[in-house]
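A.B. asks: Shown below is the structure under consideration.
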Amino acid sequence: MRAAVAVDQNAEDPLSGLALQELPDPEAKPGWTRVRVRAASLNPHDVWTLRGVGHPAERIPMVLGCDGAGVTDAGDEVVIHPVLGDPNRGGGDVTLDPRRALLSETVNGSLADFVLVPTECVVPKPAWLSFEEAATLGIVWGTAYRMLFTRARLRAGDRVLVQGGSGGVGSAAISLARAAGAKVYATARTEAKRAFASECGAHEVLESGARLPERVDVVVDTVGEATWAHSLRSLVPGGAIVTCGATSGNMPPAELNRVFYQQLSVIGSTGSTRTEFEALLRLLEASGVRPHLDSVVALDDVRSGFQKLIDGDVRGKVVVRT
């Protein structure tokens, strides 16, 4: 089979470690399901692996790809839930398993003709989703769903600010919060990115750091240092910041006086459970919301998709068709 493989790691030139290789097809085994991949999508996580961030060198080479959708050997159309682990070790929540991993961290990923995954990670693909759409959901949409509904406990009528509203998790959070009946504000750095955040469903989109028309109940912040102070100041007393990343830096001033005096909650979140992922699918069906596709490339042209991701010139998800 063909596969996009991380064969080396280079912080300055990540694509120098990317190779398209011919590998043996994976063999099915008890408790695991083989999927003929029809589509996969690219994530910053893949680039971090190529840069050597959070992925030890001893686990190289590794087939990249966290997200995917395809057809099992039995002929079932499926989408992959990408969080691997034991819910029992997490008190019933796989994301709290200390040994949890994403697809492509400890086992080969989805940027290949075939992928072998634990059977519990195989979810029936709804007929109303294309393979390309389904392949975008696992990481960013699953993460956004858990952030909003499990961790921040979003309710209809809440006011939400999404920092970095043109990013993968940010744009998904906009669409999901809007579908749930929230008033959604978003920020983005450029006019084009603000236009995309508006297309995703934000009621109002502002420049990064701009004062909001009103304070909000929930802030979704994946940016970190560059937006943290603005996020804190944008909350009503008793409001909550929920964060799943820190792309601009992970050590902002804590401003603990504001946190305790305003009784703010700072909530971490990562990934999603299978139950949350299935609930996400139901919400998409009921609301009519669909994933945002930036572009579709062939597996043989995966390098150009990665380059686009690295350049930051992406509105939604880059999908790889195998």
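The values are calculated or read from the model by the stated rules, or taken from the named source; none is laboratory data. Every value quoted in this text rests on a predicted model; they were computed, and no experiment measured them. Quick reminder, even Gly has a Cβ in these numbers, built from the backbone with ideal geometry, and neighbours come from all protein chains shown.
A.B. asks: For segment 241-322, give me every one of the helices (runs of 4 or more DSSP H) that falls completely inside it and has 3 or more residues that are without any contact (Cβ under 8 Å) to a residue 40 or more places away in the chain and under 30 Å from Arg2 (Cα atoms).
C.D. replies: Numbers: elements: 256-261, 274-287, 302-311.
Qualifying helices (runs of 4 or more DSSP H): 302-311.
A.B. asks: Can you name the number of the only condition in (1) surrounded by 18 or more Cβ atoms within 10 Å (Cβ to Cβ); (2) more than 21 Å from Gly70 (Cβ to Cβ) that Asn250 fails?
C.D. replies: All conditions pass for Asn250, except number (1).
A.B. asks: Mind telling me which of the residues Pro61, Pro26 ends up being in contact with a Leu (Cβ under 7 Å, 6 or more places away or on another chain), of a type outside the set (D, E, K, R) and under 14 Å from Ala112 (Cβ atoms)?
C.D. replies: Within the list Pro61, Pro26, the selection yields Pro26.
A.B. asks: Against the condition assigned by TED's automatic domain parsing to the domain that holds Arg315, among the β-branched types (Val, Ile, Thr) and touching a strand residue (DSSP E or B) at 6+ places or on another chain (Cβ under 8 Å), how does Val37 come out, does it pass?
C.D. replies: yes
A.B. asks: All but one of (1) in contact with a Lys or Arg (Cβ under 8 Å, 6 or more places away or on another chain); (2) in a strand (DSSP E or B) hold for Gly238; which doesn't?
C.D. replies: Gly238 satisfies every listed condition except (1).
A.B. asks: Among the listed residues Gly138, Gly181, Gly201, which satisfies the condition of being within 24 Å of Glu278 (Cβ to Cβ), in contact with a strand residue (DSSP E or B) (Cβ under 6 Å, 6 or more places away or on another chain) and at pLDDT 95 or above?
C.D. replies: Gly138
A.B. asks: May I ask you to list the residues in segment 1-49 that are in contact (Cβ under 8 Å) with a residue 60 or more places away in the chain, among the charged types (D, E, K, R) and surrounded by fewer than 15 Cβ atoms within 10 Å (Cβ to Cβ)?
C.D. replies: First, the residues of segment 1-49 that are in contact (Cβ under 8 Å) with a residue 60 or more places away in the chain: 1-4, 14-15, 18, 20, 23, 25-29, 31-47.
Subset that is among the charged types (D, E, K, R): 2, 25, 27, 29, 34, 36, 38, 46.
The answer is Asp25, Glu27, Lys29.
A.B. asks: Taking segment 116-129 only, how many residues are touching a strand residue (DSSP E or B) at 6+ places or on another chain (Cβ under 9 Å) and either without any contact (Cβ under 8 Å) to a residue 60 or more places away in the chain or farther than 21 Å from Thr33 by Cβ (or both)?
C.D. replies: Residues that pass the stated criteria total 3.
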